[in-house]
Amino acid sequence: MAKLSGVFDGVVNEFKKVAWPTQKELIDNTIIVIVFSIILSVFIFGVDQVYSTALEFIYK
């Protein structure tokens, strides 16, 4: 039981060292991730459409 208690104490100590983001940083970073994900999705969709059209043209 003492080992388990020592593990939890270590976890608590490590969590105290973490530099947690402020609410503004969290919101800003979340918006950046969402916007980048949308942009990347649109790009992949566009490339897929170009390849699909090219292959359709080649095989017809």
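No value in this document is a laboratory result; all are computed from the given coordinates. Predicted model, so just to flag it, every value in this text is computed and none were measured. For neighbour counting, all protein chains shown are included, and Cβ atoms are generated from backbone atoms with ideal geometry for every residue, glycine included.
Points worth noting:
- Candidates Ile58, Ile27, Phe43 compared by Cα position along the dipole of the chain: farthest toward the positive end lies Ile27, with charges placed on Cβ.
- Theoretical gain in end-to-end length, Ile31 to Val11 [0.36 nm per residue, Cα-Cα removed]: 4.2 nm
- For the chain, the Cβ-based charge dipole about the Cα centre amounts to some 180 debye (Lys, Arg positive; Asp, Glu negative; other atoms uncharged).
- Label corresponding to percent of Cα pairs over 14 Å apart when calculated from the structure given, among (i) 76; (ii) 50; (iii) 56: (i)
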